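Notes to accompany the following structure.
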Amino acid sequence: MQPNRTRRALALAPAALLPPTLGRAQMNGRPITIVVPFSAGGSTDLVSRVVAQFASAGAGAPMIVDNRTGAGGVVGWGAVARANPDGNTLCTIELSYAIAAGLIPNLPFDPHKAFAQITTAIKVPHVLVVNPGVPAKTVQEFIALAKAQPGRLNYGSGGNGTNTHLAGELFKSLTGTAIVHIPYKGAGAVLTDLMSGQVQALITSAPTALPHIRSGKLRALMVTGAQRNPTLPDVPSAAESGLPGMDMDFWVGFGAPAGTPPPVIDKLHRAIVASLSLPEAKKRIDEMGLTAVGSTPAEATALVNREIERWSAVIKQAGIKPD
């Protein structure tokens, strides 16, 4: 077997099947807590619960999910940043983390250094959807409509500083359009008004919009990214639509407090990545419209740092301030 194939095989192997020399990193036998800084029921929470169920065996300890909300995720992340770096306390690191790093001043932790990244577990593109009454069938038609009526079209978001808000501001920056931002308190409220025509557009994660696209209540104009998404095969990608810079994924990963020993990080990484390829876990991830990634710790670290820099620039350019 070639060296790169060997590394790939080891990355995907369940921890219980690893050679003894690779499986010796042990925690202390106590349960492993995954802190999710958001409410139960969202994509981040659901992914965490799938991992908690299926990665426990490989990690050598039961995993439990603790939804610790507040301050846009800062309460949960801050608690884990201060936790003992022994591998028994983890947290989700996702798109909102990168946004918070550029949006919220004086964070109680260094977003670049507070966590040892374990893996990026899943990703999914965003999708630009409009109310069917909008007379635009393509992104370029929508851009032309917005330029012909500056300040007349609006887009909704789940709130100031959310990923849906930042996606809209990125779109405006790339297209030079003057579309008005209408913030809501959560995704449910903006979807209701979008389908009734109170707002015209929304850029949100594909799973959020998928049921409404399939029912015909929303029209999808574009998925963000270089390629089409298998769940929306008839919807052009951003690259096809002439907006390669609109490459934007919603992603969820896992991190541990900085200083967690590398052998512990390695074992957690192998357990989580292996869990993503188990048939039942994969089925649940597919049903949510998500794509499993299972990146290395180094790749996850690079993604987090890159996303922090990217969204900090968008926030600064748009002049977005926290509520």
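The values are calculated or read from the model by the stated rules, or taken from the named source; none is laboratory data. In this text the structure is predicted, and so the values were computed from the model without any measurement. Cβ coordinates were reconstructed from backbone atoms using ideal geometry, including for glycine residues, and neighbour counts include every protein chain displayed. Each accessible area value is taken on the protein alone, full model and side chains, heavy atoms only, with ligands, DNA and RNA left out. Shrake-Rupley method; radii C 1.70, N 1.55, O 1.52, S 1.80 Å.
Treat every Asp and Glu Cβ in segment 273-323 as -1 and every Lys and Arg Cβ as +1, leave all other atoms uncharged, and give the resulting dipole magnitude about the Cα centre to the nearest 20 debye.
Using Cβ point charges on Lys, Arg, Asp and Glu, segment 273-323 gives about 120 debye.
Under the classification rounded if a/c is under 1.5, otherwise prolate if a/b is larger than b/c and oblate if not, where does segment 249-315 fall, given a ≥ b ≥ c as square roots of the Cα gyration tensor eigenvalues?
Oblate is the answer for segment 249-315, as a/c is 1.5 or above yet b/c matches or exceeds a/b.
Under 1.5 on a/c is rounded, so check that first for segment 52-135, then, if it is not, pick prolate when a/b is larger than b/c and oblate when it is not; a ≥ b ≥ c are the square roots of the alpha carbon gyration tensor eigenvalues.
Oblate, since a/c reaches 1.5 and b/c is not below a/b.
Among N88, L276, F142, flag the residue with its Cα farthest along the positive direction of the charge dipole of the chain, charges on Cβ as +1 for Lys/Arg and -1 for Asp/Glu.
Looking along the dipole axis, the top candidate is L276.
Taking only protein heavy atoms and a 1.4 Å probe, what accessible area per residue, in Å², does the chain have with all protein chains in place?
Per-residue value: 43 Å².
Between the alpha-carbon centers of segment 98-149 and segment 154-229, tell me the distance in whole angstrom.
Cα centroid of segment 98-149 versus Cα centroid of segment 154-229: 9 Å apart.
For the chain, find the longest principal axis of its Cα atoms and tell me its angle to the long axis of helix 297-318, 0 to 90°, nearest 10.
30 degrees
Whose amide H sits under 5 Å from the amide H of A258, counting only residues 5 or more places off or on another chain, with H placed in the peptide plane?
F115, A116
Could you list which residues have their amide H under 5 Å from that of D66, counting only those 5 or more apart in sequence or on another chain, with H placed in the peptide plane?
I34, V35, V36
Given the rule -39500 (n - 2.57) for each run of at least 4 DSSP H residues, summed and divided by the residues of the chain, what is its mean residue ellipticity at 222 nm, to the nearest 500 deg cm²/dmol?
So the helix-based figure for the chain works out to -12500 deg cm²/dmol.
Given the peptides 123-129, 149-155, 171-177, arrange them by the average over their residues of other C-beta atoms within 10 Å, most packed first.
Sorting 123-129, 149-155, 171-177 by mean packing, highest first, produces 123-129, 171-177, 149-155.
Would you mind telling me the share, in percent, of accessible area of the chain contributed by carbon and sulfur at probe 1.4 angstrom?
Within the chain, the accessible surface is 55 percent carbon and sulfur.
Once the dipole of segment 209-264 is set up with Lys and Arg at +1 and Asp and Glu at -1 on Cβ about the Cα centre, which of P257, A239, H212 lies farthest towards its positive end?
H212
Build a GNM of the chain with springs between Cα atoms under 10 Å: which of A52, A238, A136 gets the top mean-square fluctuation?
A136
Size of the dipole of the chain about the Cα centre, Lys and Arg at +1 and Asp and Glu at -1 on the beta carbon, nothing else charged, in debye to 20?
Charge dipole of the chain: 240 debye, to the nearest 20.
Report the FRET efficiency, 1/(1 + (r/R0)^6), for K321 and E280, where r is their Cβ-Cβ distance and R0 is 51 Å, rounded to 0.05.
It comes to 0.70.
Pairs of alpha-carbon atoms within less than 8 angstrom and 6+ residues apart define the contacts here; what relative contact order does the chain have, in percent?
Relative contact order here is 28 percent.
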